[in-house]
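**Student:** Supplied in structure tokens, the structure appears directly below.
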Amino acid sequence: MNLLFTEEERDFRAEVRDWLESHRPPGIRPLDGRGMADYDIAWQRTQFEGGWAGIAWPVEYGGRGLTTVQQLIWHEEYAKAHAPEIGVCFVGLNHGGPTLIMNATDEQKRKHLPAILRGDQVWCQGFSEPGAGSDLASLRTQGRVEGDNIIVNGQKIWTSWAQWADYQELLVRTEPGSQRHAGLSWLVCDMKSPGITVRPITTMAGVAEFCEVFYDDVAIPLSNVVGGVGNGWRVAMSTLSFERGPGFMAEQMEAARLVEELIETAHTVRAPDGKRPAIQDDGIARTLGELRAEVTALRSMALAGISRADRTGTPGAEASILRLFLGEVVQKLYRAAMEIIGDESLVLSGWGQGWTRPYLHSFAYSMGGGTSEIQRNIIAERVLGLPRAR
Amino acid sequence: MDLLPSADQEALLAGAREFLVTALPVDASRWRDRDAVEARALKEFASLGWYGVGLPEPAGGLGLGAAEEALLLAEAGKYLAPIGLLAGMLAARVAWSTGLQDVASTILTGECRVGLVIPAQSGNVQLIDATASEQVVVLDSSTLCLASCSAFHDREPQPSLDQGVTLERASQIIPQVRPCESSGATLYLHAVVLVCALMVGLSEAVMEVAVAHAKQRQQFGQSIGVFQAVKHPLADMAVRAEAARFQTMMAALSIADARPDASFQTHAAAVIAGRAATANAHAAVQIFGAMGYTQECVVHHFVKRAVLLNRIIDGRLKQIDFLIAEKPSL
Ligand SMILES: Cc1cc2nc3c(=O)[nH]c(=O)nc-3n(C[C@H](O)[C@H](O)[C@H](O)COP(=O)(O)OP(=O)(O)OC[C@H]3O[C@@H](n4cnc5c(N)ncnc54)[C@H](O)[C@@H]3O)c2cc1C
């Protein structure tokens with residue numbers, strides 16, 4: 001065990017810091033709409049030009065090929081620099097691209113990987129359906145093989161930023177009558193294909209963050225199947241495994257920053273008695289102290305996760321422990337904030353500003369990417385070895 | 001940067017496990033004959049060099065650091081190791097850092113047993129496992145001191161919640177206490193991190209006991225571990241134990257490297273590990289059902305030890321207060 005960074009790692013940190021300092025986009029990221037997507041894409045292009053696109057991707061695919069420790073350093077400096085969230089580029093860079101690298105043909109890789117890195121292709125993830133949420137394997141969207149095409153009919157839902165996406169990782173049932181994990185295929189779906197209708201859904205935070213996507217006889221070339229017809233479940237599992245890993249550091253750092261910001265806020269707003277700063281109220285101070293301990297522990301856990309991944313090559317089921325804990329801490333943070341800020345809690349704040357809108361957004365933390373209950377099932381069954389329900 | 005044990009550290013731990021599992025079994029045989037079992041173990045800890053793990057070799061130690069101490073005590077915590085182990089490690093460190101080489105060597109060899117003294121309300125102190133000890137470590141949030149047990153003339157036995165220790169109350173007799181030097185605050189952090197390590201082991205062990213029970217106990221024709229109302233609290237235990245372990249190791253490394261954020265990291269560890277110990281022990285009782293409520297079942301020992309360890313570091317609330325008074329570590 002040690003906390004030491006090598007000389008190269010320290011130099012690397014300085015390089016990252018300098019670059020972010022001079023290239024981080026100015027101003028506040030727009031809340032929603034085309035302006036937001038354009039902002040995210042422009043920032044991706046800047047990173048590409050600076051040689052920072054796809055930090056975790058292997059060099060042979062145009063990535064930066066950073067070690068996990070270097071990725072950690074990048075994310076730490078990224079958070080410190082207040083660089084914007086990855087936004088609409090998330091799916092392509094963090095799991096679509098890596099899934100292609102692992103499973104796609106050379107031609108598929110050539111067509112998509114460089115474009116994702118440049119910010120020329122925005123991707124979305126079409127896995128969840130109205131009838132298939134936590135139970136993804138119950139999905140029913142159908143793909144009928146006809147000549148050189150797969151004809152897709154059905155519906156996806158909760159597809160984040162589908163309205164801005166060029167391509168989609170689409171999981172469909174290609175074998176008629178197949179059950180559960182069998183008979184699925186993972187397709188690259190061009191979002192401009194005829195027969196696709198995208199209908200944005202507004203969240204409780206007032207943002208059209210995800211969409212319903214309808215497929216009406218959408219023809220997708222057979223050559224867009226990744227990993228072979230009928231192997232969709234295996235490919236999808238590799239996609240989900242990429243949702244974890246050092247990228248998590250960014251969220252942890254952000255949570256730590258927010259706790260400090262809330263502590264500062266508690267120095268300026270009044271305590272419930274109206275007589276002194278909120279921080280002098282023991283109850284408030286202790287809630288904040290506890291939060292401080294929790295985000296600090298999150299960082300230590302994330303570092304341990306990196307050490308583990310370095311040894312075994314995968315994040316492992318322990319990644320669910322981090323996910324679950326992060327969701328709980330972030331929700332606790334915003335719930336505490338709503339009590340501390342008093343009358344300000346009635347005013348809806350801007351995106352990424354103030355406490356109230358992020359408070360509404362924080363409900364998503366225990367849902368997206370597997371709900372907290374599903375994370376608990378994973379921890380209990382795969383880390384602790386408890387029996388599964390029949 | 002690596003938060004997992006190195007190959008050398010793994011080897012150290014493997015040896016420790018082998019010893020602990022036979023020397024300090026957490027079962028009925030232990031409690032039937034606690035005094036003898038623990039007295040023997042406390043002697044053997046000396047021959048294994050545990051009291052001086054973190055002291056330099058010329059001082060009779062093993063020349064390792066706070067990280068190894070924390071790793072070992074996390075193992076020992078799983079076996080509810082006698083408090084004399086913690087007290088002995090701290091006493092050896094205090095003796096060595098105050099130049100009391102003769103005292104240090106009697107502790108390192110196991111000749112001198114050590115108890116613990118913690119401040120209590122209204123100026124009194126509580127003595128833990130001091131009855132069979134010659135020396136005590138006084139653990140105060142500003143410093144650590146060594147004192148002879150005879151410094152406390154009005155010792156009064158009290159019924160101990162934790163049957164694994166003896167408890168006495170006394171009024172504080174300062175004059176005979178040998179205060180240590182400027183490194184007091186550092187010594188206190190060192191003590192806190194070692195207690196955290198014990199709590200890490202406790203929260204992991206009580207989780208393992210509960211997991212084993214949930215797998216084995218059948219109701220409604222299946223293992224109770226199938227039910228999510230059982231499964232999910234166990235998953236929450238795993239989260240708390242993982243948080244406690246790695247925050248404690250982070251704190252131990254920060255202390256070993258004398259980092260500026262050592263005190264921030266240590267108080268954070270105390271808050272997290274303190275909760276993991278208590279909450280995991282509480283949840284385990286429920287998973288055992290009525291059996292968990294008995295003397296016969298091991299779980300109550302973990303509940304009581306969690307209370308004791310939290311108290312030794314002045315209670316979780318105090319640790320939260322320390323943490324919120326720190327400057328941000330970012
Ligand atoms: C902000 C956000 C973005 C998202 N983006 C995408 C995206 O881009 N692409 C995509 O495909 N999906 C996306 N999702 C969908 C997400 O993956 C699902 O919401 C999630 O898998 C849960 O499915 P569900 O919402 O249908 O809830 P359900 O599965 O219906 O669950 C409802 C409740 O029942 C509980 N529950 C269900 N099964 C169990 C069980 N076995 N044990 C215990 N409790 C259970 C759940 O925990 C939950 O509390 C997104 C979701 C959110 C919130």
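The values are calculated or read from the model by the stated rules, or taken from the named source; none is laboratory data. Note that the coordinates shown come from a computational prediction; the quantities given were computed from them, not determined experimentally. Positions of Cβ are backbone-derived with ideal geometry, glycine not excepted, and every protein chain shown enters the neighbour counts. Keep in mind that these areas ignore ligands, DNA and RNA; they rest on the heavy atoms of the full protein, side chains included. Shrake-Rupley method; radii C 1.70, N 1.55, O 1.52, S 1.80 Å.
**Student:** Taking the simple approach of a point 7 Å from Cα along Cα-to-Cβ for both B:D102 and B:D35, what is their distance in nm?
**Tutor:** 3.0 nm
**Student:** As a test question: what accessible area, to the nearest 10 Å², does A:T67 have when a 1.4 Å probe is rolled over all protein chains in place?
**Tutor:** About 70 Å², ignoring ligands and nucleic acids.
**Student:** Rounded if a/c is under 1.5, else prolate if a/b beats b/c, else oblate: with a ≥ b ≥ c from the C-alpha gyration tensor eigenvalues square-rooted, which is segment B:7-178?
**Tutor:** Values: a/c = 2.02, a/b = 1.24, b/c = 1.62.
Since a/c reaches 1.5 but b/c is at least a/b, the shape of segment B:7-178 is classed as oblate.
**Student:** For each pair in A:K332/B:K304; A:K80/A:K109; A:K332/B:K215; B:K43/B:K318; B:K78/B:K215, compute the distance between the two Cα atoms and list the pairs where it is over 24 Å.
**Tutor:** Pairs exceeding the cut-off: A:K332/B:K304; A:K80/A:K109; A:K332/B:K215; B:K43/B:K318.
**Student:** Mind giving me the FRET efficiency for A:A182 and A:E60? R0 is 45 Å, r the Cβ-Cβ distance, nearest 0.05 is fine. Mind showing how you got there, number by number?
**Tutor:** On the way: r = 33 Å, r/R0 = 0.74.
It comes out at approximately 0.85.
**Student:** Counting only protein heavy atoms, what percent of the accessible surface of segment B:1-113 is carbon or sulfur at a 1.4 Å probe? Working shown, then result.
**Tutor:** Numbers: 2320 of 4240 Å².
Exposed carbon and sulfur together represent 55 percent of the surface.
**Student:** Average partner chain C-beta neighbours within 10 Å, per residue of A:368-379?
**Tutor:** On the way: counts 0, 0, 0, 0, 2, 4, 0, 3, 9, 4, 1, 9.
Average per residue, whole number: 3.
**Student:** Please identify which residues in segment A:180-212 have an amide N closer than 11 Å to a label point set 7 Å out from the Cα of A:T105, following the Cα→Cβ vector.
**Tutor:** No residue passes the distance filter.
**Student:** Please report the net charge: other residues with Cβ closer than 11 Å to the Cβ of B:G77, K and R +1, D and E -1. Could you put the intermediate results ahead of the total?
**Tutor:** Numbers: positive: B:K78, B:R245, B:R305; negative: B:E75, B:E204.
With Lys, Arg at +1 and Asp, Glu at -1, the net is +1.
**Student:** Work through the residues other than A:G183 whose Cβ is under 11 Å from its Cβ and net out their charges, Lys, Arg +1 and Asp, Glu -1. The partial results should precede the final answer.
**Tutor:** Working: positive: A:R173, A:R180; negative: A:E175.
So the environment of A:G183 carries a net charge of +1.
**Student:** Defining a contact as two alpha carbons under 8 Å apart and six or more residues distant in sequence, what relative contact order in percent does chain A show?
**Tutor:** Working: 630 pairs, mean separation 47.8, N = 390.
Answer for chain A is 12 percent.
**Student:** From Cα pairs below 8 angstrom and at least 6 apart in sequence, can you work out the relative contact order of segment A:140-240, rounded to a whole percent? Can you show the working numbers first?
**Tutor:** Working: 231 pairs, mean separation 34.5, N = 101.
Relative contact order here is 34 percent.
**Student:** For labels at A:S138 and A:D282 in the simple 7 Å Cα→Cβ model, what's the distance in nm?
**Tutor:** 4.9 nm
**Student:** To continue, here is another question. Tally Lys/Arg at +1 and Asp/Glu at -1 over every other residue whose Cβ is under 12 Å from the Cβ of B:T106; what's the total? Before the final figure, lay out each step's value.
**Tutor:** Values: positive: B:R113; negative: B:D102, B:E111, B:E134.
Charge balance in the 12 Å sphere: -2.
**Student:** Pull up all non-local amide H partners of A:W161: gap of 5 or more, or a different chain, and H-to-H distance under 5 Å with H placed in the peptide plane.
**Tutor:** A:F210, A:C211
**Student:** Oh, and also: If you line up the Cα atoms of segment A:123-230 on their principal axes, what length do they span on each, largest first, in Å?
**Tutor:** 42, 28, 22
**Student:** State the dimensionless ratio Rg/Rh of segment B:185-325 (Rg: radius of gyration of Cα atoms; Rh: Kirkwood radius). Don't jump to the answer; show the numbers that get you there.
**Tutor:** Values: Rg = 16.4 Å, Rh = 15.5 Å.
My calculation puts Rg/Rh at 1.06.
**Student:** Please label the shape of the protein assembly as shown as rounded, prolate or oblate, based on the square roots a ≥ b ≥ c of the eigenvalues of the alpha-carbon gyration tensor (a/c under 1.5 means rounded; beyond that, a/b larger than b/c means prolate, else oblate).
**Tutor:** Values: a/c = 2.15, a/b = 1.85, b/c = 1.16.
Since a/c reaches 1.5 and a/b is larger than b/c, the shape of the protein assembly as shown is classed as prolate.
**Student:** List the chymotrypsin sites (Phe, Trp or Tyr not before Pro) within segment A:1-65 that fall in a DSSP loop (any state other than H, G, I, E or B) and whose Cβ has at most 16 other Cβ atoms within 10 Å. Walk me through the numbers before you get to the answer.
**Tutor:** Numbers: sites: A:F5, A:F12, A:W19, A:Y39, A:W43, A:F48, A:W52, A:Y61; in loops: A:F5, A:W52.
Answer by residue number: A:F5.
**Student:** Now for a separate question. Between A:F363 and B:A229, with labels modelled 7 Å along Cα→Cβ, what's the label distance in nm to one decimal, could you check?
**Tutor:** Here the modelled spin labels are 2.7 nm apart.
**Student:** Still on this structure, I have one more. Taking only protein heavy atoms and a 1.4 Å probe, what accessible area per residue, in Å², does the protein assembly as shown have with all protein chains in place? Walk me through the numbers before you get to the answer.
**Tutor:** Details: 29360 Å² over 720 residues.
Result: 41 Å² of accessible area for each residue.
**Student:** DSSP loop trypsin sites (Lys or Arg not before Pro) in segment A:297-347 with at most 10 other Cβ atoms within 10 Å of their Cβ, which ones?
**Tutor:** Details: sites: A:R299, A:R308, A:R311, A:R323, A:K332, A:R335; in loops: none.
Hits after loop and neighbour filter: nothing returned.
**Student:** Here is a further query. For chain A, what class follows from the C-alpha gyration tensor (a ≥ b ≥ c being the square roots of its eigenvalues): rounded when a/c is under 1.5, otherwise prolate if a/b is larger than b/c, else oblate? Walk me through the numbers on the way to the answer.
**Tutor:** Values: a/c = 1.65, a/b = 1.49, b/c = 1.11.
It is prolate, given that a/c is not under 1.5 and a/b is the larger ratio.
**Student:** Still on this structure, I have one more. Roll a 1.4 Å probe over the protein heavy atoms and report the accessible area of B:S329 in Å², nearest 10.
**Tutor:** The value for B:S329 is about 50 Å².
**Student:** Further question: With every protein chain present, what accessible area does A:F210 have (1.4 Å probe, heavy atoms only), rounded to the nearest 10 Å²?
**Tutor:** 50 Å²
**Student:** Ok, one more. On a 1.4 Å probe surface of the protein chains, which of B:V299, A:V269 comes out largest in accessible area, and what is the full order? Present the calculation step by step, with values, prior to reporting the outcome.
**Tutor:** Details: B:V299 0, A:V269 35 Å².
Heavy-atom accessible area, descending, gives A:V269, B:V299.
**Student:** List the GluC sites (Glu not before Pro) within segment B:38-122 that fall in a DSSP loop (any state other than H, G, I, E or B) and whose Cβ has at most 11 other Cβ atoms within 10 Å.
**Tutor:** Details: sites: B:E38, B:E44, B:E68, B:E69, B:E75, B:E111; in loops: B:E111.
Here the GluC sites (Glu not before Pro) that fit, given the DSSP loop and packing criteria, are B:E111.
**Student:** Return the FRET efficiency for the residue pair B:R217, B:T294: r is the Cβ-Cβ distance, R0 is 22 Å, and the value is rounded to the nearest 0.05. Show your work: numbers first, answer last.
**Tutor:** Values: r = 15 Å, r/R0 = 0.67.
Calculated transfer efficiency: 0.90.
**Student:** Counting only C-alpha contacts under 8 Å and six or more residues apart, can you give the relative contact order of segment B:1-100 as a whole percent? Please report the intermediate quantities before stating the final value.
**Tutor:** Numbers: 73 pairs, mean separation 27.7, N = 100.
Answer for segment B:1-100 is 28 percent.
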